[in-house]
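Novice: Structure below; questions to follow.
The values are calculated or read from the model by the stated rules, or taken from the named source; none is laboratory data. Every value quoted in this text rests on a predicted model; they were computed, and no experiment measured them. All Cβ positions, glycine included, derive from the backbone under ideal geometry; neighbour counts span all protein chains shown.
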Amino acid sequence: MSFPRINIEDYSYDLPPDRIAQYPLPERDASRLLCSIDGNITEDSFRNIARYITPGSMMVFNNTRVIRARLIFQKSTGTHIEIFCLEPLEPTPEINKAFQQKETVTWRCLIGNAKRWKSGVLEMPVEISGRKFNLQASRIKETEDGTFSIAFSWHPSGISFGEVLEGAGRIPLPPYISREEGPADTLRYQTIYAQEEGSVAAPTAGLHFTPAVMETLRSKDILREQVTLHVGLGTFKPVNSPDLSTHVMHQEQIIVQAETIRHLLHHLHKPVIAVGTTSVRTLESLYWLGVKQLSIPDLNHAEIGQWEPYHLSGDKMIPPKAALEALLQTMERSGVSVLPAATKLLIMPGYKFRLIHGMITNFHQPRSTLLLLIAAYLGNSWKDIYHYSLENGFRFLSYGDSCLFINNQPG
């Protein structure tokens, strides 16, 4: 796979502010659904999505759960300092283990009003399950990318950092939602199947699903599988340079069960529909992890770099079956049933999809890597789809409407 040259200006469009949904609809599945199947555009309600999925297909959902990542401290002077937790650093970079820590943790964070907090310890009283705690934050260092290492401690100890965030933090709504979070966001900025804590942004394609929609999928013999990709703040990072080669993707953690990989392996002859761009990147990363296992079986370094797929394949196309089998065999030799890995995979026009046959997604920001992923799947027809959606009153971004893209003749 050759490295394509991309002019980011070709992946921009005019998005009026009033087209960005600021609130969710009263009912999740009442959102509009734009269907583009082999280039034919139709409209429907999301609650009818099962009509457009072939019976026997497999749908793959990202079961990550959004954490209450925003912590608002107040200095003795009255100044408010916001700390936005991005990812754990010490004593472990593994999100699940970091949430279980019961005394101190260090996280990579963003700081709002950072110039007003050069040193000293910030404190916040927190009440959790009727018990009072004191949360402290200490600024350790600033890094070149504008983030900070922040050490947190709480007293008395005995509760986990996950419980601390749940009791003290706030929902991290996207920056393009120009309001403070409200009580409804606690429920609505979370999918109904969210399980694994770790994201600082919701996998928003999943926000439209309800138990009733899930039942319609089951009744059509549509299989459902789950993977985990913990969404980082990089999902909102625009591509600011005309030269895409200078854009840096943030690494995101993925977790996949061996049983899920087996189900994928046995389902390769039927359609696989990814729910959200995060599920797309997880599935495609699985393929490349398998490719790497064929040459160097090593689960201790299970990660995919930003540009690796554009160099790994060379002139030969490794079948998905061989890649997934290699991944499973390495897991079996290592005696593990769960694959923890990491990905920086950047999917852009020129990329050849290996595992997915279609996707459900929301509308994405101009000049974003998510829009590049959509364009990689749809080709230039993404422009017609977005033009149609803007002309016909669709709501955009996280709380906006939904899309189903199925291309039976890719490329």
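Novice: Just one of Pro340, Pro297, Pro271, Pro309 is closer than 18 Å to Tyr377 by Cβ and surrounded by fewer than 21 Cβ atoms within 10 Å (Cβ to Cβ); which is it?
Specialist: Selected residue: Pro271, the only one of Pro340, Pro297, Pro271, Pro309 that is closer than 18 Å to Tyr377 by Cβ and surrounded by fewer than 21 Cβ atoms within 10 Å (Cβ to Cβ).
Novice: Going by the structure shown, is Tyr193 more than 11 Å from Arg68 (Cα to Cα), assigned by TED's automatic domain parsing to the domain that holds Pro211 and not β-branched (Val, Ile, Thr)?
Specialist: yes
Novice: Could you give every pair whose Cβ atoms fall below 7 Å, whose first residue belongs to the range 27-55 and is closer than 20 Å to Gly276 by Cβ and of a type outside the set (Phe, Trp, Tyr), and whose second residue is surrounded by fewer than 15 Cβ atoms within 10 Å (Cβ to Cβ) and at pLDDT below 95, counting only separations of at least 6 or pairs across chains?
Specialist: No pair meets every condition.
Novice: Checking Ile360 against (1) closer than 19 Å to Gly232 by Cβ; (2) modelled with pLDDT of 95 or more; (3) in contact with a His (Cβ under 9 Å, 6 or more places away or on another chain), which test does it fail?
Specialist: Condition (1) is where Ile360 drops out.
Novice: Here is a follow-up. Any idea which of Leu355, Leu370 is more than 20 Å from Asn240 (Cα to Cα) and modelled with pLDDT of 95 or more?
Specialist: That would be Leu355, the only listed residue that is more than 20 Å from Asn240 (Cα to Cα) and modelled with pLDDT of 95 or more.
Here's the yes/no breakdown for (1) buried (at least 19 other Cβ atoms within 10 Å of the Cβ); (2) closer than 19 Å to Arg262 by Cα; (3) aromatic (Phe, Trp, Tyr):
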{"site": "Ala323", "(1), (2), (3)": "yes, yes, no"}
{"site": "Gly335", "(1), (2), (3)": "no, yes, no"}
{"site": "Lys344", "(1), (2), (3)": "no, no, no"}
{"site": "Gly350", "(1), (2), (3)": "no, no, no"}
{"site": "Arg354", "(1), (2), (3)": "yes, yes, no"}
{"site": "Ile360", "(1), (2), (3)": "yes, no, no"}
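Novice: Further question: Can you go through Leu25, Leu15, Leu33 and tell me which one is part of a loop (DSSP other than H, G, I, E, B), among the aliphatic types (A, V, I, L, M), at pLDDT 95 or above and closer than 19 Å to Phe209 by Cα?
Specialist: Leu25 is the lone residue from the list that is part of a loop (DSSP other than H, G, I, E, B), among the aliphatic types (A, V, I, L, M), at pLDDT 95 or above and closer than 19 Å to Phe209 by Cα.
Novice: Strands (runs of 3 or more DSSP E) wholly in the range 37-129 with at least 2 residues that are within 21 Å of Tyr193 (Cβ to Cβ) - which ones?
Specialist: Per the criteria, 58-62, 64-66.
Novice: If you go through the range 44-63 one residue at a time, do you hit one that is surrounded by fewer than 21 Cβ atoms within 10 Å (Cβ to Cβ), within 20 Å of the chain's Cα centre (by Cα) and basic (Lys, Arg)?
Specialist: Scanning the range 44-63, I find no residue that is surrounded by fewer than 21 Cβ atoms within 10 Å (Cβ to Cβ), within 20 Å of the chain's Cα centre (by Cα) and basic (Lys, Arg), so the answer is no.
Novice: When you look at Thr92, is it within 24 Å of Gly234 (Cα to Cα) and either surrounded by 15 or more Cβ atoms within 10 Å (Cβ to Cβ) or in contact with a helix residue (DSSP H, G or I) (Cβ under 6 Å, 6 or more places away or on another chain) (or both), yes or no?
Specialist: Yes: the conditions hold for Thr92.
Novice: Among the residues that make up the range 158-166, is at least one of them in contact with a strand residue (DSSP E or B) (Cβ under 6 Å, 6 or more places away or on another chain), in the same structural domain as Arg367 (by TED's automatic domain parsing) and not hydroxyl-bearing (Ser, Thr, Tyr)?
Specialist: no
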